[in-house]
Each structure stands twice: as C-alpha cells, then as structure tokens.
Amino acid sequence: MSDVELESKSLQDLRKIIEGAKDWGIRLVVIGGYAVRAYTKGYRFTKDIDLVTTKQALGKLKGLLQYLGYEYRETEFGIAGSKKFNEGFIDLHISIERILDISTGIAIPVTKDLFKEAAELEVKGYYPESKDLALKTKVVSLELLLLLKLIPVGREEKDYIDIFALLINKGNDIDLNKISEKCEQYNLRDHLLSQLRKYADFISKWEMRKTWFSITGLRVTQVEEREALKFIRKLMEVLR
C-alpha cells in the first residue's frame, strides 16, 4: 500500500475516532505529527495517530477501537494499537494520565489545563489526494506541542523537521513564558536548555538544510535559519 493510500486510511480513521469520541462522550486531544500538521503547512508525510484522553474514558475508548478494527494493548503510557492494511499499517498511541517520552523517561501529566488550552484546528493531509479528508478537532496547544517535540533524544530527524516547521510557520505566535512555566512545573529546564543548544548547533552547521531537503524536497532559506536561531536564543534566555 502506498503512502498516499495509507494517509487516506489514517485520516479516515482519525475522523471516525474523533466523531465516535464525540458520540460516546470521550475527551480527545491530538498530539504528534498530525498536531504539527494542523499548525503548519505540513512538510512531511505521517500516518500514525497520537492522542490524549482521560482515564475515565478508557473503557469506552477500548470499545470504540474494537469497533474500528484496531488491535491494541495497554502500556505504561496508555494504549498502543495498530491496524494493518495489506502491506501497510497505522500505529495508534493514546496517552492516558501522562504523555511519556520513552527515550528519556520524562512524563508530562495530562491535566485539565491540557484540554482547556487545546485549540480547535483543521488537521489535513500531506498529499493532494487527501485534501478532502481534512477535519477539525481539538489539538494540543502550540507551546506544549513544541515542548513535546523538544524533549526526545535519539530520534532527531523527524522531530527536528517538526520543530523547524513550527518555528518558521508559528514562531511569532509561541508564548515563551508559557514554555518556561511548563519547564519549571515539570523540572525540564536543564534538559530543554541542553536540547536547544544541540538543535541550534544542528542548524548552525547547516545540517538542517540537508535533513530538510532530504525529507521535504524543499530548500531552507537563510532567513528561515536566522529566524529559527533567533527564537532558540530568546527561549534560552527566558529559561536561564
């Protein structure tokens, strides 16, 4: 199955999950690649579905996933599921009570504020064939999304693409103080400063140019590099 077909299947399933959740009274917020797609022009293909919900919704959610044909298991962070389509598959990750980053062990609690701060945005596809499958739903706040993308280690390529997309498309809309408050709340200041230094170095050594072109087929401009580095410096100043 081609990436185009997988994306279409994924967006169709995301719509069914969102609509089913509304019918069944389940609170859901989109995170991950589709959240980045909602805030940016959408520079890379993604097929996996990443969501946040409450512990109280777990029973209903399991029933909904079974109805949609997903195989799933309970994990340390919530629910992990998958659905196979011929030679392709969609992975589903649903965080319950906390959003856990496996690479660092850092966990962000799922609070009432996460749902309160979520924005109603349009989630769209990367390929033109998926244009008609766009849907509106609750998406994690811009600040928390950036934080979640900055936390992981060892899987830089896609996360770096997503971070750069957020900075060049939404850098002026990001509230640095909100990120600082969350870092203080979750004791992430030192880790985030380390990650930001590494990311700034990645851009300064022109590695972002190579990675961006290899994944998106587009060229990074000097203006975009300067704006991204400017944002990183400002955020580091706020965090210190």
Checklist outcome for this item: Rounded to the nearest 5, the percent of DSSP beta bridges in the chain running antiparallel is 80 percent
Item to check | region 1-159, relative contact order in percent, only Cα pairs under 8 angstrom and at least six apart counted | outcome: 27 percent
Checklist entry - When we measure straight from the Cα of residue 198, which aspartates and glutamates land under 14 angstrom away, once same-chain ones fewer than 8 places off are left out? => result 156, 157, 159, 190, 207
Checklist entry - What is the pair-distance distribution P(r) of region 107-231, computed from all Cα-Cα distances in 10 Å bins starting at 0, with each bin given as a whole percent? => result 11, 39, 35, 14, 0
Checklist entry - What is the packing order of peptides 162-168, 37-43, taking the mean over residues of other C-beta atoms within 10 Å and listing the highest first? => result 162-168, 37-43
Item to check | For region 168-239 versus region 94-145, the gap between their alpha-carbon centres in whole angstrom | outcome: 19 Å
Next on the checklist: Pairs of alpha-carbon atoms within less than 8 angstrom and 6+ residues apart define the contacts here; what relative contact order does region 1-60 have, in percent?
Outcome noted: 40 percent
Next on the checklist: How large a share of the accessible area of the chain, in percent, is made up of carbon and sulfur atoms when the probe is 1.4 Å and the other protein chains stay in place?
Outcome noted: 47 percent
Checklist outcome for this item: Counting only backbone N atoms under 14 Å from a point 7 Å out along Cα-to-Cβ of residue 173, the residues of region 28-56 in range are 35-42
Checklist entry - Taking the alpha-carbon set of the chain, what are its Rg and Dmax in Å? => result 17.6, 50
Item to check | Heavy-atom surface of region 77-207, accessible at 1.4 Å and reported per residue (Å²) | outcome: 49 Å²
Checklist entry - Under 20 Å from the Cα of residue 112, which lysines turn up, not counting those fewer than eight places away in the same chain? => result 22, 55, 60, 138, 178, 182
Checklist entry - Expressed in nm to one decimal, what extension gain is obtained for the pair residue 229 and residue 184 from 0.36 nm per residue of sequence separation less their Cα-Cα distance? => result 13.9 nm
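Report the full-extension gain for the segment residue 56 to residue 73: residue separation times 0.36 nm, less the Cα-Cα distance, to one decimal in nm.
4.4 nm
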Item to check | Over region 91-240, relative contact order from alpha-carbon pairs under 8 Å, at least 6 apart, % | outcome: 18 percent
Item to check | Which listed pairs, of 83/136; 9/158; 205/234; 16/131; 47/205, have C-alpha distances above 28 Å, in listed order | outcome: 47/205
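The values are calculated or read from the model by the stated rules, or taken from the named source; none is laboratory data. Given the structure is predicted, the values throughout are model-derived calculations rather than measurements. In this analysis, Cβ positions are derived from the backbone assuming ideal geometry, glycine residues included, and neighbour counts consider all displayed protein chains. The accessibility values were calculated without ligands, DNA or RNA, using every heavy atom of the protein model including side chains. Shrake-Rupley method; radii C 1.70, N 1.55, O 1.52, S 1.80 Å.
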